[in-house]
Structure formats: C-alpha cells, structure tokens
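One structure is given below, encoded as structure tokens.
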Amino acid sequence: MQFLEQLGIQTANKGVSTGTKWIESNGATIDSFSPVDGKKIGSTVAADKAAYEQVINQSLSVAKEWQKWPAPKRGEVVRQVGDALRQYKEPLGKLVSYEMGKSLQEGYGEVQEMIDICDLAVGLSRQLFGQTMHSERPTHRMYEQWHPLGIVSIISAFNFPVAVWSWNAALAWICGNTTIWKPSEKTPLCGIAVQKIVAEVFAKNNVPEGVNCLVQGAREVGEWMSKDTRIPLVSATGSTRMGKELSATVAARLGKSLLELGGNNAIIVSQHADLDMSLIGAVFGAVGTAGQRCTTTRRLIIHESVFDTFTAKLVKAYAQLRIGDPLDTKNHVGPLIDTAAVNMYLSAIEQCKAQGGKFLVEGGVVTGPGYESGCYVKPCIAEVTNDLAIVQHETFAPILYVMKYSTLDEAIAMQNGVPQGLSSAIMTLNLREAEQFLSAQGSDCGIANVNIGTSGAEIGGAFGGEKETGGGRESGSDAWKAYMRRQTNTINWGNSLPLAQGIQFDL
Ligand code: NAD
C-alpha cells in the first residue's frame, strides 16, 4: 500500500525511539491487524526495561537544554511540525483509517486536528502568561510565572491514535517539556509514522535528541511510567478502569496526572427542538467512528410528546446506514477495533435485553464478502430507562439508548445520572431551556452544547470531563497550564524588609 511506503512503515518496525535514533529492544512483538480487512499491516517491538531506561535517560539529559530555548523558538519548530503534517495529511489520514477503522473523512479530520493544535501552540508560545498582582507591602512587586515540568509522558487510546498525542505534545513542547509517548498497543503503526514525521522536522532544527520519544508497549510500559518519579506529569487517555489504576499509582508518588477517560454522553431532545437538525446530530453522534469516540452519543433523552415521532425518524435513518470499508467514502459505519470489542458489544446487547431493554433497531455482526475481519457490527437502538446497569456503563460500540422524559428538570437529572461526565447536549429552540441546561444546576459535564451533538469538539476550547471522565482538560483555552509549574515571585526593591501581615521582627 502506497501510504505505508510514504510514511516509512515496514513489515517489521523498531518501536522505541529518542527522535531520529531507534533503539534495540527485546520486548514483545506487537502485530498490527487492520480491522478493515483483517490483514496484518506490520509489526513493532515493545520496549523492554533497558530500552525504556535509555529513553528516559536521554530525555532527562536534554530537558534542561530544551528549556533554555525561548518559547517562541520552540513554537517555530512546532509550526514546522504542523506544516509537515499538512504534507503528510493524506497518507497519515489513510493509515489512521486503515489501522483504527474510522472513516477516511474522520482519518483526515484527525490529522487536521493535529495541524490545528500546532497552530494554536505556535500562538501560545508567545504568551504563556502569568499574572501580576499588587503587594500589600510598599516597594514590592508580586507576580507569577510558569516554568516547564521536565518530562511529560503521554499514554494514548486506540480510538484517536494520533490527535490526542498531538494535543499533549504540541503544548508540552512549547511549554518547554520533553515528551515520551506510549501509543495504544492496538494502533502502534500510527505512532511510528508520526515519530518519523516529527523526527525529520526536529533534526532540521537541531532540536536535541530526546525531546520527542516513543516507547511502544502494552499496559506494563504505561505502569512503568506511572511509577517513575522522573516523570512529573503522566497524561493518560483511555478507559475509566485504566485512569483509576494509573492515577492511584501516580498520586502515591505525588506526581501529576492528566486524565481523559470514558464518557456516557447524552442529548436531550426537547419538544422545542428542530427535529431534523436533532436527527443529524444524534445519528452522527451515535454511529460516527462506529460508536468508538469518547464523546459518542450513547443516550437520547427525548420529550414524551415527540418520542414516537423522533424515534420513527431515527429508525428510518438507521435503515439507510451503509456499513463497510471505511476507506470507501460511500460508507457511514466502519468496523470496531477488534473481535474482542465485537464480543463486548454482543454482551452489552444481551445484558440490555436481560435488564428489560426493548430494541427498536436490532444489532448483530455483519458477515459476508467484505466483512471477513469479523469486526463489522450493526448500529442498534434500544428503548430503556436510565437506571439500567448497562446504560450506566460505557460500551464502546454503536448502541444507542433512548428514553422518555416529561419535565426538563427530570431530563437534566437523567443526563447527569451516570458516573461519567464528558459531553452533553440539548436540542431546543427555547432560550429558557437552553440557559437552564447550561446553568450551574444544568449539565454536570465538561462539555455542554446547544443544538450541536455531543461529538466533534474544536481545538480552541478546553477538552475534558468531570466525575469518572477524570477531570483533565486538554487542547485549547488555558489547558497549557497543566504542562507547567506555577511559581509566585515577590521582589522587594526598597531598602527595608517589611513582613507580610504587618508582623514585626526587629533585631
Ligand atoms: P484502555 O484504557 O484500554 O487503554 C488506553 C491506554 O492506556 C493504552 O495505551 C493502554 O496500553 C494503557 N493502559 C491500560 N491500562 C493501563 C495501566 N493500568 N497503567 C498504564 N497504562 C495503561 O482504553 P482504549 O480501549 O484504548 O480506549 C477507549 C477508552 O478511551 C474509552 O473509555 C474512551 O472513552 C476513552 N477515551 C477518552 C477520551 C477523552 O478525551 N476523554 C479520548 C479518547 C478515548
């Protein structure tokens, strides 16, 4: 396949790198199979402890030097990374689509997100501002400034195999940190392709070897990072299970973790909604990326007066969905990541039925020519109540739960009545309803939208969620502050030493 050649992906690839150098490792072989056609794309090698140590030591040895680069100079390098990604958008987008299984449009969209975060980081590199405050003491000046942390490690999930890394890396670099990335073991080749693109740009700019590192591996390598006191910040994206384990380990050494975990996102469809617009938002939100986005719409909370009309529209729309090869732009729904994910989907359907869910659109595995990978499933819709155990749980697949409400207070309580708190939306043309949803007594999520679905966030806003979603914020707004340490400075430029709070201490 031409895109693999363009990205320098081989049949067997080393998996540990400090930038331009690739390090020998005796770790496990990780094979990457495409969920699109079940074929093996290539393999890589996980880091063993010795290779991991080499990476950490190299990264540590250049951290101070990198910090000395003026932030706008670091920003200039990130600008060039954005340009390189523009050049490689087509092959990289194709690899994302082929290795992960999302549609080609979404594969390109993911690379576009990488480009966008680079642009945002370039501008930020001339800011990173602290505040100045007035001192209570005469001839004193007080202000705060932000310094780099050192090494930032990035652990990413399979469903956004490149974008989430870039949200972290672009900001971490302009803030003066080195980065060590552990991609998902389910999408390792995306990591290798990105590493090569960045290495070229970094080498051209004489960025020290060790600023951009890659270590392939499964959870064990992630665990080394969470225990490692040389890593002040571990940024981790993945399941709530992973986040709970990782954050406990990082907290035990009083390190910092930045968590982006599971969601259980709902759209409230009010009786005052534009139902045609709501339909597009709901269907894209529920079946896009085959239900494998952290922001996927998993629940629709529909006003009782429009419930029958709206669910009838949904059923009709689902009948038109084309399931198949995501690289063929005629298809709407691609495969799940692997057959283990298919089994989880099937088990969730069984549990839903056993708990009383009534299916309006039946699910199932798609078989036949073109579906040999065994990873294609039918998006389905079940009528439920919010309290079912399965509804409270994030199943990473295209299962949409629909439920009825009669008052907005009740709908908001249902929207908030799950352990997760990532994304939420209301479809309404009624101003009072929209404002109530956005008020402090409204949605408890990190993202709350009006007349937009739950998925498809832009880079400019801070992204993340509350409760079991982990509380982290990445990408825009002031998310950069997570990658720096704050220092408060007070300068006395007078000729006496007055103490704060008026305390007298005379010698
Ligand atoms: P996962 O939790 O299985 O794995 C995520 C990453 O964590 C992988 O790199 C894995 O190797 C590593 N890992 C697993 N256990 C670990 C441990 N104990 N210590 C250290 N590292 C560990 O998740 P996944 O199946 O790859 O991704 C799907 C999940 O990610 C979903 O729950 C989804 O909602 C979530 N997600 C969240 C966001 C967000 O921004 N909130 C974005 C994308 C995905």
Query raised in the report: If you count the DSSP beta bridges with both ends in region 265-450, what percent of them are antiparallel, to the nearest 5?
Result: 15
Query raised in the report: At a Förster radius of 45 Å, what calculated FRET efficiency corresponds to the Cβ-Cβ distance of Thr229 and Asp37, to the nearest 0.05?
Result: 0.55
Report task. Would you pull out the residues with amide H under 5 Å of Ile155's amide H, same chain only if 5 or more places away, H placed 1.01 Å from N? Result -> Lys182, Ser235, Ala236, Thr237
**Report entry** Inter-centroid distance (Cα atoms) of region 258-276 relative to region 189-238, Å
**Finding:** 33
Query raised in the report: Hey, what number do you get for the chain at 222 nm if only DSSP H runs of n ≥ 4 count, each worth -39500 (n - 2.57), divided across all residues, to the nearest 500?
Result: -11500 deg cm²/dmol
Query raised in the report: If you line up the long axis of helix 49-68 against the longest principal axis of the chain, both from Cα atoms, how many degrees apart are they, to the nearest 10?
Result: 60
Query raised in the report: Does region 417-465 classify as rounded, prolate or oblate by the C-alpha gyration tensor (a ≥ b ≥ c root eigenvalues; a/c under 1.5 gives rounded; else a/b over b/c gives prolate, otherwise oblate)?
Result: oblate
**Report entry** Euclidean distance of C-alpha centroids, region 448-469 and region 367-446, integer Å
**Finding:** 14
Query raised in the report: How many angstrom separate the Cα center of region 1-53 from the Cα center of region 107-138?
Result: 32
Query raised in the report: How big, on average over all directions, is the shadow cast by the Cα convex hull of region 265-450, in nm²?
Result: 9.9
Report task. Mind checking region 61-134 for trypsin sites (Lys or Arg not before Pro) that DSSP puts in a loop (not H, G, I, E or B) and that have at most 12 other Cβ atoms within 10 Å? Result -> Arg126
Requested in this report: Just flag the GluC sites (Glu not before Pro) in region 85-139 sitting in loop per DSSP whose Cβ has no more than 14 other Cβ atoms within 10 Å.
Outcome: Glu136
Report summary line: Restricting to Cα pairs under 8 Å and 6 or more apart, the percent relative contact order of the chain works out to 18
Report summary line: Excluding residues fewer than 8 positions from Lys204 in its own chain, the lysines with Cα under 19 Å of it are Lys21, Lys68, Lys73, Lys196
Query raised in the report: How much of the accessible area of region 265-450, in percent, comes from carbon and sulfur atoms when a 1.4 Å probe is used?
Result: 55
Requested in this report: Go through region 325-405 and name the trypsin sites (Lys or Arg not before Pro) that are in a DSSP coil and have 11 or fewer other Cβ atoms within 10 Å of their Cβ.
Outcome: Lys330
Report summary line: FRET efficiency (Glu24, Arg241; Cβ distance; R0 22 Å; to 0.05) is 0.10
Report task. Could you do me a favour and compute the accessible area per residue for the chain, 1.4 Å probe, result in Å²? Result -> 41
Query raised in the report: If the cut-off is 18 Å between C-alpha atoms, which aspartates and glutamates fall inside it for Lys353, apart from same-chain ones fewer than 8 positions away?
Result: Glu362, Glu383, Asp387, Glu394
Report summary line: For the chain, shape from the Cα gyration tensor axes a ≥ b ≥ c, cut at a/c of 1.5 then a/b versus b/c, turns out oblate
Query raised in the report: By the gyration tensor of its Cα atoms, with a ≥ b ≥ c the square roots of the eigenvalues, what is the shape of region 35-194: rounded for a/c under 1.5, prolate for a/b over b/c, or oblate?
Result: prolate
Query raised in the report: What lysines sit close enough to Lys358 to cross-link, taking a C-alpha to C-alpha distance under 21 Å and skipping anything fewer than 8 places away on the same chain?
Result: Lys313, Lys316, Lys378, Lys404
Query raised in the report: Can you give the accessible area of Ile115, probe radius 1.4 Å, in Å² rounded to 10?
Result: 0
Query raised in the report: Per-residue HN-Hα couplings for region 342-358, Karplus 6.51 cos²θ - 1.76 cosθ + 1.60 at θ = phi - 60°, whole Hz, x for Gly and Pro?
Result: 4, 5, 5, 4, 5, 5, 5, 5, 4, 4, 4, 4, 5, 8, x, x, 10
Report task. Work out which chymotrypsin sites (Phe, Trp or Tyr not before Pro) in the chain are exposed loop sites (DSSP not H, G, I, E or B, at most 15 other Cβ within 10 Å) and give the longest gap free of them. Result -> 130-492
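The values are calculated or read from the model by the stated rules, or taken from the named source; none is laboratory data. All figures in this text were calculated on a predicted structure; none of them were measured in a lab. Because the Cβ atoms are built from the backbone with ideal geometry, glycine has one as well, and the counts that use them run over all protein chains shown. Each accessible area value is taken on the protein alone, full model and side chains, heavy atoms only, with ligands, DNA and RNA left out. Shrake-Rupley method; radii C 1.70, N 1.55, O 1.52, S 1.80 Å.
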